[in-house]
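The values are calculated or read from the model by the stated rules, or taken from the named source; none is laboratory data. Only a predicted model underlies this, so the values are computations on that prediction, with no experimental measurement involved. Cβ coordinates were reconstructed from backbone atoms using ideal geometry, including for glycine residues, and neighbour counts include every protein chain displayed. Surface areas here come from the heavy atoms of the whole protein model, side chains and all, with no ligands, DNA or RNA. Shrake-Rupley method; radii C 1.70, N 1.55, O 1.52, S 1.80 Å.
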Amino acid sequence: MDMNLKCKEIRRNILLEIGTLGVGHIGGSLSIVELLVTLYYKHMNIDPRNPQKEGRDRLIVSKGHSGPAIYAVLADLGYFPKDWLLTLNKPGTNLPSHCDMNRTPGIDMTTGSLGQGFSCAVGIAKASQLKKDGATIYTIIGDGESQEGQIWEAAMFASAHKLKNLIAFTDNNKLQLDGKVSDICGIEPLRDKWKAFGWNVINVANGNNIEEIDKAIAEAKNSEMPTMIILNTVKGFGVKFAEEAGTSNHSMPISQELFEEAMKELGGEI
C-alpha cells in the first residue's frame, strides 16, 4: 500500500464528511491523518470484523473533536458503511461531532472534554498491564489540551506504574481554538516537561511525515516507560484553504466552492 496516497484518500473522506454538513472541525482532523494512517494500517493489532476483540490494541483520541479523521479511517477499514460519513453530526447519526464509543463501532473511548480521554487511556493501559493481554494503548492529545491539569496528573500515574504499553502523541500544531498556544498559555519546553514526569520522549520534527512517525513508534515500543511522541504538525495540513485559515480552522464553514477546490487539490472526484 502507498500510505501517502492513502492519506490523500482519508483527507478526501474528511472533506466529504465536513463538506456535506457545511461546517466542522477540519484543522485538527487534517493534522493527524499521517499518524492515523501509520497506526491503523501498519502498527495496530485490530480486527474490523471483531471490534471488541480481547487483547486488541486501542486508540483513545483525547482531542475528541478530531472525530471526522477517525471516522474516515474506520469507514475505510470497514468498521461501518462509508455512506455513514455523509451523516456527520446530523440528527440520528452514529458519527457525532465528538467521538462516542456507544454509537460508533471502532471507537474505544468517548472523548471531547479535554484531558479526560488521556486519563482514560492511562487507566486502560493499567488494566492491560494487569491482565497481561499484550495490548498497546495509543492516545492522542492536543497541544492546547496540554494546558489541562488532568493531563499531568495522569502523566504522573503512568510513569509511577511504568506503563510501557502506553504510547501517547501530542499533536503539536501550535494553534488552539481561539489563538496561538504560545499566546494563550505556552506549554514549552514540552519535551523537558514530559521527561521531568518520567516519560520516554521522542520529538518528531515533521509530524506529518509517515516515515518519521513510523520510526518513532518502533522506537517507543522498545521503551521500558510510557512514551510521549511530540509531533510537530501543521493544523489543516494537506488542504490549502484550511492551512491558510490559521486559527480560524479549528471549526470552520466550508462552502461548495472551497469543497470543490480542495477535492481537486487532492485528486478526488466531486
Charge dipole magnitude, Cβ of K and R +1, D and E -1 - segment 45-182, Cα centre, debye nearest 20:
320
Go through segment 1-51 and name the GluC sites (Glu not before Pro) that are in a DSSP coil and have 14 or fewer other Cβ atoms within 10 Å of their Cβ.
none
Exposure rank, largest accessible area first [58, 49, 11; 1.4 Å]
49, 58, 11
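Please state, as a whole number in µm²/s, the translational diffusion coefficient that the Stokes-Einstein equation yields for segment 31-156 at 37 °C and 0.692 mPa s, with Rh defined as the Kirkwood radius across alpha carbon pairs. Display every interim value, and only then the final one.
Numbers: Rh = 14.9 Å.
In µm²/s, the coefficient rounds to 220.
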Out of 250, 65, 161, any idea which swings most in a Gaussian network model of the chain, alpha carbons joined below 10 Å?
161
I need the GluC sites (Glu not before Pro) found in segment 138-182, filtered to DSSP loop residues with at most 10 other beta carbons within 10 Å of theirs.
none
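Fully extended, how many nm does the chain gain between residue 184 and residue 244 (0.36 nm per residue separation, minus their Cα-Cα distance)?
On the way: separation 60, 0.36 × 60 = 21.60 nm, distance 2.05 nm.
Fully extending the segment from residue 184 to residue 244 adds 19.6 nm.
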Label segment 153-246 by shape, choosing from rounded, prolate and oblate, from the square roots a ≥ b ≥ c of the eigenvalues of the Cα gyration tensor; if a/c is under 1.5 it is rounded, and otherwise prolate applies when a/b is larger than b/c, oblate when it is not.
oblate
Apply the Karplus curve 6.51 cos²θ - 1.76 cosθ + 1.60, θ = phi - 60°, to the phi angles in segment 76-93 and return the couplings in whole Hz, x for Gly and Pro.
5, 7, x, 5, 7, x, 5, 5, 4, 4, 6, 9, 2, 6, 9, x, x, 5
Would you mind telling me the share, in percent, of accessible area of segment 1-150 contributed by carbon and sulfur at probe 1.4 angstrom?
49
Name the residues whose placed amide hydrogens come within less than 5 Å of the amide hydrogen of residue 176, ignoring near sequence neighbours (fewer than 5 apart) on the same chain.
181
Keeping every protein chain present and rolling a 1.4 Å probe, give me the accessible area per residue for segment 9-95 in Å².
32
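Once the convex hull of the C-alpha atoms of the chain is built, how many Å³ does it hold per residue, rounded to a whole number? Could you put the intermediate results ahead of the total?
Details: hull volume 30.8 nm³, N = 270.
Taking only Cα atoms, the chain has a hull volume of 114 Å³ per residue.
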Where does helix 149-160 land angle-wise versus the long Cα axis of the chain, in degrees 0 to 90, nearest 10?
40
Could you give me the ³J(HN,Hα) list for segment 6-23, computed from phi with Karplus coefficients 6.51, -1.76, 1.60 and θ = phi - 60°, whole Hz, x at Gly and Pro?
4, 4, 5, 5, 5, 5, 4, 5, 4, 4, 4, 4, 6, x, 5, 6, x, 7
Using Cα springs under 10 Å in a Gaussian network model of the chain, which residue among 100, 83, 47 shows the largest mean-square fluctuation?
83
Whichever lysines have a C-alpha closer than 16 Å to that of residue 195, once near sequence neighbours (fewer than 8 apart) are set aside
162, 164
Accessible area in square angstrom per residue, segment 152-270, 1.4 angstrom probe:
49
Solvent-accessible area of residue 79 with every protein chain in place, 1.4 Å probe, in Å² to the nearest 10:
30
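222 nm [θ] for the chain, helices only, -39500 (n - 2.57) per DSSP H run of 4+, per residue, to 500?
Numbers: 11 runs with 107 residues, N = 270.
That calculation yields -11500 deg cm²/dmol at 222 nm.
Report the antiparallel proportion of the DSSP beta bridges in the chain as a percent, rounded to a multiple of 5. Can you show the working numbers first?
Numbers: 4 of 25 bridges.
Bridges in the chain are about 15 percent antiparallel.
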